[in-house]
Amino acid sequence: MPTGTGAVNLRNLPVTKYQINPGLFNQLTSRVIFDPINFPLPASGNYVQNQLLQVGIVGSINLVVAGTVTVAGGGVVPTARWPWDLIAVQLSGNGQNNFINCQGTDLRLRMAAANRAYLDGVSFFPVAADLDTDGTYDFKLVYKIPVAMDDTTLVGALYAQSEATNLTYKVTTGVAADLFELGGNTADFDATVYLEEEIFEVPYDPSKPDTLVIPDLTVLHGLVANDNAVSSQTTLDTQLFRINGQMERLFYYTIDRSTATHSDIVPTADYDQTQLIYGSNQNPYTFLPQDFLDFRNNRDYRLPLASVLNSANSGLWVPPYSTVPVPDGVYCLDFVADNPARDQVLLEGVTNLRLRTQYGSAPTGGSYVHFVQETLFA
């Protein structure tokens, strides 16, 4: 994948002699998938932190979370954050803190955007009809932490083969009260996290035995999330992170918490429009009505993004003229879907970059916009 212009070299590189030669690297390297490690899912709100292996070039990290949820005292109602926000992840290293820092839902959305034909035939989880009754329910959730921006070129991958490199991951368990409307009841998890690293060996140049051959590691790949509160506003500006790099994708949705026991994604019908704005009032992207962004995402990813959150296999299909509504309310401004070199947003080249969301009626009661920026940065 092209990295466009404006990317600045980063010290994600060997300290010994090397050459950047993606073609030769692909000929000489080999993929290695290590035996996974496993650890118990931490208690609600707690985390596990550990160090990645100091071996090769890290392309991605795969997670499987498998176990049970036990509902007691009466039924619970899942919120929009169940099941994928059962975990949050952080990845740090090479002097850059938390360049991957997001919820499980964000990983789910990114996997759908980057793998357009993906159908999850592994994950399963109890839905509202199950959780309405006391009991113990099995679940299995799969996640991919995209260390590299692109699995083919390995742009944004991490050079781990150095004693000076300290790469750490952190897995945090979500709070039950965020995942369910408990109503005085309880929901407890008993699960195991399986973590698998996917790395590539670093070869030497056959004609220069003292020279390592690596792909383009001059930038890092970031996936960082944050929330912006909606305080009874019909128009909300969400300031975006401005760093020395380029924005690849921007995911967002609005969580409606108008009542203390309600937490759902605001649907497309409740938006007036969305705009991406910079400077005083430059708006290169305007979606009016909001259905145009839904249509664009549906076209790019085969399904509306919301459907990959509440359907275990992400293969939801609604027959023609069905009265079953298609889930909506989750969006992506995708700057790499068509022509990355042309469409990427160079963050150093714009001032006061913000996402403007406008609603027909103002969400209240602690509602917020959740947004995720995917970037390549120095």
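The values are calculated or read from the model by the stated rules, or taken from the named source; none is laboratory data. Values in this document were obtained by computation on a predicted structure and should not be read as measured data. All Cβ positions, even for glycine, are placed from backbone atoms using ideal geometry, and neighbour counts span all protein chains on display.
Could you please find all residues in the stretch 66-125 being assigned to a loop (DSSP other than H, G, I, E, B) and touching a helix residue (DSSP H, G or I) at 6+ places or on another chain (Cβ under 7 Å)?
Across the stretch 66-125, the qualifying residues are Gly75, Val76, Thr79, Arg81, Trp82, Arg116, Tyr118.
Conditions (1) surrounded by 14 or more Cβ atoms within 10 Å (Cβ to Cβ); (2) of a type in the set (A, V, I, L, M, F, W, C); (3) touching a His at 6+ places or on another chain (Cβ under 6 Å); (4) over 20 Å from Val372 (Cα atoms), marked per residue:
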{"site": "Asp35", "(1), (2), (3), (4)": "no, no, no, yes"}
{"site": "Phe39", "(1), (2), (3), (4)": "no, yes, no, yes"}
{"site": "Val55", "(1), (2), (3), (4)": "yes, yes, no, yes"}
{"site": "Asn62", "(1), (2), (3), (4)": "yes, no, no, no"}
{"site": "Gly67", "(1), (2), (3), (4)": "yes, no, no, yes"}
{"site": "Gly74", "(1), (2), (3), (4)": "no, no, no, yes"}
{"site": "Phe99", "(1), (2), (3), (4)": "yes, yes, no, no"}
{"site": "Cys102", "(1), (2), (3), (4)": "yes, yes, no, no"}
{"site": "Tyr143", "(1), (2), (3), (4)": "yes, no, no, no"}
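Tell me the residue from Tyr137, Tyr169 that is in contact (Cβ under 8 Å) with a residue 12 or more places away in the chain, of a type in the set (Phe, Trp, Tyr) and in contact with a Leu (Cβ under 6 Å, 6 or more places away or on another chain), please.
After ruling out the rest, the residue left standing is Tyr169.
Restricting to the stretch 111-168, what's the tally of residues that are over 25 Å from Asn298 (Cα atoms) and aromatic (Phe, Trp, Tyr)?
So the count comes out to 3.
From the list Val147, Val171, which residue is part of a loop (DSSP other than H, G, I, E, B), under 25 Å from Val48 (Cα atoms) and either in contact with a His (Cβ under 7 Å, 6 or more places away or on another chain) or among the aliphatic types (A, V, I, L, M) (or both)?
When all the criteria are applied, what remains is Val147.
Considering only the stretch 219-228, state which residues are crowded, with 21+ Cβ neighbours inside 10 Å and either among the hydroxyl-bearing types (Ser, Thr, Tyr) or under 17 Å from the mean Cα position of the chain (by Cα) (or both).
Within the stretch 219-228, Leu220, His221, Gly222, Leu223 meet the criteria.
Find the residue count for the stretch 86-97, including only residues that are at negative phi and surrounded by 20 or more Cβ atoms within 10 Å (Cβ to Cβ).
The total comes to 4.
Are there any pairs, at least 6 apart or on different chains, whose C-beta atoms fall under 6 Å, with the first in the stretch 327-346 and in a helix (DSSP H, G or I) and charged (D, E, K, R) and the second at pLDDT 90 or above and surrounded by fewer than 23 Cβ atoms within 10 Å (Cβ to Cβ), and if so, which?
That search, which allows pairs on different chains as well, returns Asp343/Phe335.
Given Leu309, Leu305, which one is modelled with pLDDT under 85 and within 21 Å of Thr105 (Cα to Cα)?
Leu309
Just for the stretch 151-168: of the residues that are part of a loop (DSSP other than H, G, I, E, B) and in contact with a Gly (Cβ under 7 Å, 6 or more places away or on another chain), which one is surrounded by the fewest Cβ atoms within 10 Å (Cβ to Cβ)?
If we take residues in the stretch 151-168 being part of a loop (DSSP other than H, G, I, E, B) and in contact with a Gly (Cβ under 7 Å, 6 or more places away or on another chain), then Asn166 is surrounded by the fewest Cβ atoms within 10 Å (Cβ to Cβ).
Of the conditions (1) of a type outside the set (Phe, Trp, Tyr); (2) assigned to a helix (DSSP H, G or I); (3) at pLDDT 90 or above, Leu355 fails just one. Which one is it?
Result: Leu355 fails condition (2) only.
Taking the stretch 182-197 as the region of interest, how many residues are buried (at least 19 other Cβ atoms within 10 Å of the Cβ) and under 24 Å from the mean Cα position of the chain (by Cα)?
Going through the stretch 182-197 one residue at a time, the tally reaches 5.
Could you please find all residues in the stretch 43-78 being of a type in the set (Gly, Ala, Ser) and more than 20 Å from Ser123 (Cα to Cα)?
Those that are of a type in the set (Gly, Ala, Ser) and more than 20 Å from Ser123 (Cα to Cα): Ala43, Ser44, Gly45, Gly56, Gly59, Ala72, Gly73, Gly74, Gly75.
Testing Ser231 on (1) surrounded by 14 or more Cβ atoms within 10 Å (Cβ to Cβ); (2) closer than 30 Å to Val350 by Cβ, one condition comes back false. Which one is that?
Evaluating Ser231 over (1) surrounded by 14 or more Cβ atoms within 10 Å (Cβ to Cβ); (2) closer than 30 Å to Val350 by Cβ leaves (1) as the failure.
Please work out which residue is nearest to Ser162 (Cα to Cα), limiting yourself to the stretch 39-58 and to residues that are polar (S, T, N, Q) and either in contact with a helix residue (DSSP H, G or I) (Cβ under 8 Å, 6 or more places away or on another chain) or in a strand (DSSP E or B) (or both).
Taking the candidates together, the pick is Gln51.
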